[in-house]
Amino acid sequence: MNPMAKLLIIGGVILIVFGLLWQIGGRFLHLGRLPGDIVVEKENVRFYFPVVTCIVLSVVLSLIMYVIRLFR
């Protein structure tokens, strides 16, 4: 099989699994609504920037990548 096709299939499966975990875990983790996330609400405008959520996800993904590299 073509290496690019394998990469696309694996990427798609990872995205599906991640999406399912996000839906199931969203009930318990409340990612996106952590203390420190910036929310500005005006009359007709709502601006939302999840600063703390981005930091938490970055740390978790960095740890996962570190563990994967450790076992290679």
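In debye to the nearest 20, how big a dipole does the chain give about its Cα centre with +1 on each Lys and Arg Cβ and -1 on each Asp and Glu Cβ?
Dipole magnitude for the chain comes out near 280 debye.
From the residues 40, 52, 13, which one has its Cα farthest along the dipole of the chain in the positive direction, the dipole being from +1 and -1 charges on Cβ of Lys/Arg and Asp/Glu about the Cα centre?
Looking along the dipole axis, the top candidate is 13.
With the other protein chains left in place, how much accessible area per residue, in square angstrom, belongs to the range 6-57 at a 1.4 angstrom probe?
89 Å²
What value in Å³ per residue do you get for the convex hull of the alpha-carbon atoms in the chain?
About 143 Å³ per residue, rounded to a whole number.
Let me check I've understood the local charge: for residue 49, count other residues with C-beta under 15 angstrom from its C-beta, Lys and Arg +1, Asp and Glu -1. What total comes out?
Local net charge: +1.
Hey, what did the range 5-72 get for relative contact order, percent, Cα under 8 Å, at least 6 apart?
Relative contact order of the range 5-72: 19 percent.
Using a 1.4 angstrom probe on heavy atoms only, work out the carbon and sulfur share of the accessible area of the chain in %.
Carbon-and-sulfur percentage of accessible area, whole number: 72.
The values are calculated or read from the model by the stated rules, or taken from the named source; none is laboratory data. No experiment lies behind these values; they were computed from the predicted model shown. Neighbour counts run over all protein chains shown; Cβ positions are idealised from the backbone, glycine included. Side chains are part of the model used for accessible areas, which takes the heavy atoms of the whole protein and leaves out ligands, DNA and RNA. Shrake-Rupley method; radii C 1.70, N 1.55, O 1.52, S 1.80 Å.
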